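A short write-up of the structure that comes next.
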Ligand code: PLP
């Protein structure tokens, strides 16, 4: 009897999202046939012999040397997320903010301006409005990222990127990714999208023209509130040699062979992978916000159930949003999948299966009423996070969006009366009953 080998699928682009989330980017046969990705708790890897060591260090062959730059467990996570986002490559980092900062710095390196909406996540507003300017990278904020005329007016000769969140936290407003990508490309700049809130299950910005996608994998991708992480994904389509980005065209010692007199730039050596290679070789290697193999493992486990979790949580989020619309003391509900919301048409176009697992709402009264509601919930946990399997509640102006300057509050849709929910996997009726009793008890 002849025997055949069961060849495990790893990188078949035609597979569906659910299948890729479980299989993409991992080669069992290269990993002792382990069906679950092993945790490679090893700081460094044997170079084996001088000839191989030289080839590895020079980049002539690929392999692992040192876990600050690459690690096999983290590599599987990077390949899997790149496959899910339809990118050509990814770099996993230790947090979502590391992903945001590295992506913005890599595009804006050497000094420049980034056009972005004022309603970004608080730490991203602080990064672009206050901290990155200390490094020569300045944010030009627009009140509405879908006002393409205002975005275009903000683009100048030293603009290096348009940056937006696909679905805004906490308003859930949806960005017009196709319109923004077309505008960015007309001006020779990339579109960078933070796709944390919808996760790649609900939206893949690269399919609509985005060049770089970043995630806080802490949220829906991990899905159980047990690991901090981030990832940067490259679509591999943007032309970094168009004259605006000298960091990609000048010779760089770290990717050259000075002994042989051979000099390379990131563009000449890596072609359409120039951006993602620069993130790894310069940013990860220098600033060192590396993803730990253990956290990468938790994120891989989370990815396996992403589709089923999102379906369940989005269903609950929509039911809760509709219920809140008719509830006493609730003055407004923000969930872009609801008819009548300002970006409802964009939600239908880009996120037909739902805008995600967060929503927000305003209540009568002031911050004291909000505090009584927060303190009154029993199933919801008062936690500054989203995308957990537990349902979470928070007051953005006091916690998650503290860094947003007061003058941006209206445009960012945050006020002292605002409450944000992140919907988990509990029974929907239990969640609704919990909100009902907390809101009734507060007045
Ligand atoms: N981007 C968005 C949209 C977020 O909501 C967050 C955190 O809440 C981040 C980035 C930062 O992620 P992390 O906390 O993993 O650094």
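The values are calculated or read from the model by the stated rules, or taken from the named source; none is laboratory data. Small disclaimer: the values here were computed from a predicted structure and weren't measured. Methodologically, a virtual Cβ is constructed for each residue, glycine included, from the backbone with ideal geometry; neighbour enumeration extends over all protein chains shown.
Could you check residue 432 against (1) within 16 Å of the ligand (Cβ to nearest atom); (2) in contact with a helix residue (DSSP H, G or I) (Cβ under 9 Å, 6 or more places away or on another chain); (3) farther than 26 Å from residue 205 by Cα and say which number it fails?
Result: residue 432 passes all but (1).
Looking at region 96-105, can you tell me whether even one residue there is in contact (Cβ under 8 Å) with a residue 12 or more places away in the chain and more than 14 Å from the ligand (Cβ to nearest atom)?
Yes, because at least one residue in region 96-105 is in contact (Cβ under 8 Å) with a residue 12 or more places away in the chain and more than 14 Å from the ligand (Cβ to nearest atom).
Which residue, of 228, 301, is under 24 Å from the mean Cα position of the chain (by Cα), farther than 28 Å from residue 184 by Cβ and in a helix (DSSP H, G or I)?
301
Looking only at region 218-229, count every residue that is more than 7 Å from the ligand (Cβ to nearest atom) and buried (at least 24 other Cβ atoms within 10 Å of the Cβ) and tell me the total.
Number satisfying all stated conditions: 4.
Exactly one of these conditions fails for residue 342: (1) free of Cβ contacts under 8 Å to residues at least 60 places away in the same chain; (2) surrounded by fewer than 20 Cβ atoms within 10 Å (Cβ to Cβ). Give me its number.
(1)
Only one of (1) surrounded by 21 or more Cβ atoms within 10 Å (Cβ to Cβ); (2) within 16 Å of the ligand (Cβ to nearest atom); (3) over 19 Å from the mean Cα position of the chain (by Cα) fails for residue 131. Which number is that?
If we test residue 131 against (1) surrounded by 21 or more Cβ atoms within 10 Å (Cβ to Cβ); (2) within 16 Å of the ligand (Cβ to nearest atom); (3) over 19 Å from the mean Cα position of the chain (by Cα), just (1) comes out false.
Just to be sure I understand, how many residues within region 134-158 are under 18 Å from residue 99 (Cβ atoms) and either surrounded by fewer than 20 Cβ atoms within 10 Å (Cβ to Cβ) or touching a residue at least 40 places away in the same chain (Cβ under 8 Å) (or both)?
Residues that pass the stated criteria total 1.
Scan region 403-418 for residues that are within 16 Å of the ligand (Cβ to nearest atom) and in contact with a helix residue (DSSP H, G or I) (Cβ under 6 Å, 6 or more places away or on another chain) and jot them down.
Passing the criteria: 403, 404.
Just one of (1) more than 16 Å from the ligand (Cβ to nearest atom); (2) surrounded by fewer than 18 Cβ atoms within 10 Å (Cβ to Cβ); (3) under 27 Å from the mean Cα position of the chain (by Cα) trips up residue 251, so point out which.
(3)
Within the group 222, 286, which residue is touching a helix residue (DSSP H, G or I) at 6+ places or on another chain (Cβ under 7 Å) and either outside the structural domain of residue 425 (by TED's automatic domain parsing) or not in a loop (DSSP other than H, G, I, E, B) (or both)?
Answer to the selection: 222.
So which of 74, 115 is without any contact (Cβ under 8 Å) to a residue 60 or more places away in the chain, crowded, with 23+ Cβ neighbours inside 10 Å and either within 16 Å of residue 26 (Cβ to Cβ) or touching a strand residue (DSSP E or B) at 6+ places or on another chain (Cβ under 6 Å) (or both)?
Going through 74, 115 in turn, just one is without any contact (Cβ under 8 Å) to a residue 60 or more places away in the chain, crowded, with 23+ Cβ neighbours inside 10 Å and either within 16 Å of residue 26 (Cβ to Cβ) or touching a strand residue (DSSP E or B) at 6+ places or on another chain (Cβ under 6 Å) (or both): 115.
Determine whether residue 91 is outside the structural domain of residue 360 (by TED's automatic domain parsing), touching a residue at least 40 places away in the same chain (Cβ under 8 Å) and more than 30 Å from residue 294 (Cβ to Cβ).
no
Sort through 161, 150, 173, 99 and tell me the only one that's modelled with pLDDT of 95 or more, outside the structural domain of residue 387 (by TED's automatic domain parsing) and under 15 Å from the mean Cα position of the chain (by Cα).
99
Show the residue pairs that are 6+ apart or on different chains and have beta-carbon atoms under 7 Å apart, the first residue being within region 195-220 and in contact (Cβ under 8 Å) with a residue 60 or more places away in the chain and over 20 Å from residue 346 (Cβ atoms), the second being outside any loop (DSSP other than H, G, I, E, B) and more than 16 Å from the ligand (Cβ to nearest atom).
Listed by first residue and then by second, the contacts come to 212/234; 212/275.
Pick from 207, 257: which is away from the ligand (no atom under 16 Å from the Cβ) and within 30 Å of residue 337 (Cα to Cα)?
207
Residue-wise test of (1) touching a strand residue (DSSP E or B) at 6+ places or on another chain (Cβ under 8 Å); (2) in a loop (DSSP other than H, G, I, E, B); (3) more than 30 Å from residue 143 (Cα to Cα); (4) modelled with pLDDT of 95 or more.
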{"site": "384", "(1), (2), (3), (4)": "yes, yes, no, no"}
{"site": "397", "(1), (2), (3), (4)": "yes, yes, no, no"}
{"site": "408", "(1), (2), (3), (4)": "yes, no, no, no"}
{"site": "416", "(1), (2), (3), (4)": "no, yes, no, no"}
{"site": "426", "(1), (2), (3), (4)": "no, yes, yes, yes"}
{"site": "437", "(1), (2), (3), (4)": "no, no, yes, yes"}
{"site": "441", "(1), (2), (3), (4)": "no, no, yes, yes"}
